[in-house]
Every structure is written in C-alpha cells, then in structure tokens.
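Peer 1: Before we start, here is the structure in question, set down as structure tokens.
The values are calculated or read from the model by the stated rules, or taken from the named source; none is laboratory data. Because the structure is a prediction, the values reported are computed rather than measured. Here the Cβ positions follow ideal geometry from the backbone for every residue, glycine too, while neighbour counts run over all protein chains shown. The protein model used for the area step is the full one, side chains on, heavy atoms only, and it has no ligands, DNA or RNA in it. Shrake-Rupley method; radii C 1.70, N 1.55, O 1.52, S 1.80 Å.
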Amino acid sequence: MRRLRARVLQPLLSETAISKSDLVAPIFMDQTAQKRKAIASMPGQFRYPLAEAGAVARDLWDAGIRALLLFGIPREKDAHASGAFDPDGIVQKAVRAIKKEVPMMAVITDVCACEYTDHGHCGIVGQTRYGPDLLNDPSLDLMDKIALSHAESGADIVAPSCMLDGVVQSVRAALDREGYTDVAIMSYSTKFASALYGPFRDAADSGFQFGDRSTYQLPPGNSREAVLESMLDFDEEADILMIKPAGFYLDLLAEIRTLGVPVAAYQVSGEYAMIHAAAANGWLSLRDVAMEALTCIKRAGADLIITYFARDVARWLDEEQ
Ligand code: PBG
Ligand code: ZN
C-alpha cells in the first residue's frame with residue numbers, strides 16, 4: 001500500500017477534496033443592530049445589520065463562495081411569528097439587498113418560526129393531550145406564508161427547518177399556487193434534537209421558554225426513523241435533503257444520499273464552537289481539524305456543506321495555490 005502513498009503520487013490519488021462551490025455560508029441578519037455584533041460562542045461570526053447585507057454577500061462572492069443561508073433576528077417577537085412573514089422583515093429585506101448586489105449568489109432562506117416567536121418554538125404552540133406543545137397542522141399555514149414571503153423577495157431556495165410533518169408538500173403547493181414553481185425546497189429533512197445547537201440559539205436568540213424540541217426533532221440514536229424522515233420529504237418532492245448536525249451522523253448521511261436527490265450536510269454551531277474552543281487552548285490546529293471534518297463530511301456523501309467555516313476555507317484554499 002505504501003507505494004501509492006509516495007508524496008509524488010498523493011495528489012494524483014486523492015479522492016475527496018473540498019471546493020469552494022461545495023460550501024454554503026450561514027449569515028445572521030439582525031434587525032436590532034446598527035453595526036455588526038460579534039457572537040461570543042462562535043468566533044469570527046457576527047450578527048449583521050441590514051446595511052451590511054450587500055457587502056457581506058459581495059465579500060463571500062469575491063472569495064469564491066456561491067451560496068449563503070440567511071437567518072433573521074427580528075425587532076419584536078410574538079406568539080404568531082408575525083415578523084417571519086413580514087414583507088419588510090429582516091430576511092426579506094436582506095434577500096432583496098443581496099440579490100441586488102450579487103444577483104448570481106444562491107440565496108437560501110431558513111423557513112422557521114423559532115427566532116420570531118415569544119415562546120421560542122418552531123411554529124404555533126397550543127394545548128395537546130400531553131400539555132403545551134408545537135401544533136403540527138396549524139403551523140403549516142405559517143410555514144407557507146414565511147416561504148412565500150421569501151420567494152417573493154427573491155430567494156432561490158427555501159429551507160423549512162421546523163420538522164413539521166407534511167411541511168414540504170404544503171410549502172411546495174403554496175409556492176406553485178403563487179407561480180413560484182422554480183423556487184427550490186431544501187428540507188431540513190433529517191434534523192436531530194441535538195445538544196450541538198447551543199451556540200446558534202444564543203446567536204439567533206431562538207432558545208425556547210418551556211419544554212424542548214424532542215417532540216419534533218429526532219432522537220440521536222434512532223437510525224430508521226432518521227432515514228424515514230428524509231424518505232418522506234423525498235416523496236413530498238423536496239429538491240434537496242439535509243442532515244443536521246453533520247459530523248456525528250455520517251452513517252446516516254451515507255444512507256440518505258442513496259435516495260437520489262442531492263443531500264446537504266449542516267456542520268452546526270456546536271461543531272464549529274468545539275473546534276474553535278480547542279484551538280484557542282492550543283490543543284489542536286483549527287485549520288487542520290476544520291478541513292478534516294469537512295473532507296470527511298464530503299467523503300460520506302454530502303453534495304453541499306453548510307458551514308460557518310465557509311469564508312475561512314475559501315482563504316485556506318487560496319493559500320494552498
Ligand atoms: C431553527 C434552526 C436551528 C438551527 C438551524 N435552524 C436551531 C434549532 O433547531 O434549535 C441550528 C444551526 C446551528 O446550530 O448551527 N429551527
Ligand atoms: Zn426553528
């Protein structure tokens with residue numbers, strides 16, 4: 001085996017290499033911000049004011065990144081997530097600003113309610129036989145309205161992240177009804193109730209007031225249920241499936257990619273924060289571990305990778321040239 005590992009042959013035989021066009025950069029847009037605010041648990045990540053949306057997209061584009069995923073932090077929250085489908089909401093305005101500045105940037109929007117509800121859950125909450133919880137069917141309408149408002153603003157892909165049953169079918173029908181037949185759906189199809197979302201919930205101010213997300217997100221140990229979730233979204237005509245988090249779930253990524261549509265893997269805030277924290281202590285190399293993590297996610301079958309390292313990777317790849 002070692003004959004083929006000679007330094008001179010290594011580049012020739014390498015199977016998996018990350019390229020800039022694999023990557024999607026998540027961006028937090030903050031309606032309450034006048035200037036960018038650093039996110040403490042996510043070094044190098046910021047909440048941006050609307051005024052910076054175009055420039056952030058321009059910088060990513062010039063670095064070679066071709067897609068971004070938008071999250072919004074609204075000025076006000078309420079029980080019905082009104083800010084999420086406001087035509088002049090933060091995400092809607094950011095999409096318009098970005099598309100104006102960089103028309104060819106693929107703009108993906110997160111379709112969920114948790115940043116916009118006062119209780120912090122991902123849709124409409126009400127009484128169930130087990131107490132207060134996220135209501136499935138009454139929340140579908142809300143997701144339709146959010147997705148439509150994003151499509152109207154110019155989003156190329158809408159990405160429902162609420163883990164509601166039937167949301168892909170519902171959003172697809174709503175988009176088609178309004179003539180947005182060419183807006184694609186990337187479903188957060190296999191999304192675990194993970195402890196790795198902690199830094200994100202600080203960043204997006206989307207923590208919940210009661211309960212947890214385990215009645216809608218997946219239990220980390222259940223593999224058939226995880227694959228079935230993606231199969232159902234495939235049947236509902238999701239254009240792109242997703243697994244989230246990425247690094248701990250590569251077995252399922254490898255399985256879900258066999259369904260046939262492209263699969264995105266989301267390297268989440270906790271995966272990013274862990275690497276940064278260890279690197280800050282001098283315990284490992286930020287660049288080497290980040291690149292290894294991303295390479296392994298691609299090797300396992302990701303067609304695209306959503307990662308907070310996107311901007312850094314673009315720079316690292318340039319440095320290698
Ligand atoms: C909202 C949403 C979450 C993430 C993306 N969209 C948080 C959650 O489900 O609580 C997490 C992303 C990350 O941790 O980087 N539904
Ligand atoms: Zn949510």
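Peer 1: I'd like the full set of residues that are under 16 Å from Cys162 (Cα atoms) and open to solvent by less than 10 Å² (accessible area, probe 1.4 Å), limited to the range 51-89.
Peer 2: Of everything in the range 51-89, those that are under 16 Å from Cys162 (Cα atoms) and open to solvent by less than 10 Å² (accessible area, probe 1.4 Å) turn out to be Leu69, Leu70, Phe71, Gly72, Ala81, Ala84.
Peer 1: Based on what the data block shows, is Thr32 in contact with a Cys (Cβ under 9 Å, 6 or more places away or on another chain) and open to solvent by 10 Å² or more (accessible area, probe 1.4 Å)?
Peer 2: Against the criterion (in contact with a Cys (Cβ under 9 Å, 6 or more places away or on another chain) and open to solvent by 10 Å² or more (accessible area, probe 1.4 Å)), Thr32 does not qualify.
Peer 1: Between a first residue in the range 207-224 that is under 17 Å from Tyr188 (Cβ atoms) and a second residue that is of a type in the set (S, T, N, Q) and within 13 Å of ligand 2 (Cβ to nearest atom), which pairs have beta carbons less than 8 Å apart while being 6 or more apart in sequence or on different chains?
Peer 2: Gln217/Ser194; Pro220/Ser194
Peer 1: I'd like the residue in the range 1-14 that is out of contact with any helix residue (DSSP H, G or I) (no Cβ under 7 Å at 6 or more places or on another chain) and either touching a residue at least 24 places away in the same chain (Cβ under 8 Å) or not basic (Lys, Arg) (or both) and, out of all such residues, is nearest to Gly72 (Cα to Cα).
Peer 2: Ser14
Peer 1: Between residues in the range 87-111 that are touching a residue at least 12 places away in the same chain (Cβ under 8 Å) and residues that are in a loop (DSSP other than H, G, I, E, B) and of a type in the set (Lys, Arg), which pairs lie under 9 Å by C-beta distance while being six or more apart or on different chains?
Peer 2: If the second residue must be in a loop (DSSP other than H, G, I, E, B) and of a type in the set (Lys, Arg), the pairs left are Ile90/Arg75; Met104/Arg66; Met105/Arg66; Ala106/Arg66.
Peer 1: Do we find that Met242 is buried (at least 17 other Cβ atoms within 10 Å of the Cβ) and away from ligand 1 (no atom under 13 Å from the Cβ) in this structure?
Peer 2: The answer is no for Met242.
Peer 1: Quick one: what pairs do we get from the range 309-321, first residue within 15 Å of Val24 (Cα to Cα), second in a helix (DSSP H, G or I) and open to solvent by 20 Å² or more (accessible area, probe 1.4 Å), C-beta under 6 Å, 6+ apart or different chains?
Peer 2: What qualifies is Ala314/Lys20.
Peer 1: A further question on this structure: Give the range 112-163 a look and list any residue that's of a type outside the set (A, V, I, L, M), in a loop (DSSP other than H, G, I, E, B) and either under 16 Å from the mean Cα position of the chain (by Cα) or away from ligand 2 (no atom under 11 Å from the Cβ) (or both), or say none.
Peer 2: Selection gives Cys112, Cys114, Glu115, Asp118, His119, Cys122, Arg129, Tyr130, Gly154, Asp156, Ser161, Cys162.
Peer 1: Please note which helices (runs of 4 or more DSSP H) are completely contained in the range 164-237 and include at least 1 residues that are modelled with pLDDT of 95 or more and over 19 Å from the mean Cα position of the chain (by Cα).
Peer 2: Helices (runs of 4 or more DSSP H) meeting the threshold: 167-177, 223-235.
Peer 1: Exactly one of (1) without any contact (Cβ under 8 Å) to a residue 40 or more places away in the chain; (2) over 21 Å from Val24 (Cβ atoms) is unmet by Glu236. Its number?
Peer 2: For Glu236, the failing item is (1).
Peer 1: Which of (1) open to solvent by less than 20 Å² (accessible area, probe 1.4 Å); (2) farther than 17 Å from Asp165 by Cα; (3) under 17 Å from the mean Cα position of the chain (by Cα) does Leu252 not meet, given it meets every other one?
Peer 2: So the condition that Leu252 fails would be (3).
Peer 1: Looking at (1) away from ligand 1 (no atom under 15 Å from the Cβ); (2) open to solvent by 40 Å² or more (accessible area, probe 1.4 Å), which is the one condition that is false for Ile98?
Peer 2: Checking Ile98 against (1) away from ligand 1 (no atom under 15 Å from the Cβ); (2) open to solvent by 40 Å² or more (accessible area, probe 1.4 Å), the one that fails is (2).
Peer 1: Can you tell me which residue among Gly221, Gly179, Gly207, Gly247 is open to solvent by 20 Å² or more (accessible area, probe 1.4 Å) and either within 11 Å of ligand 1 (Cβ to nearest atom) or within 23 Å of Ala38 (Cβ to Cβ) (or both)?
Peer 2: Gly207
Peer 1: Moving on. Would you mind telling me which numbered condition in (1) under 20 Å from Ala67 (Cα atoms); (2) assigned to a loop (DSSP other than H, G, I, E, B); (3) not hydroxyl-bearing (Ser, Thr, Tyr) Leu284 fails?
Peer 2: Condition not satisfied by Leu284: (1).
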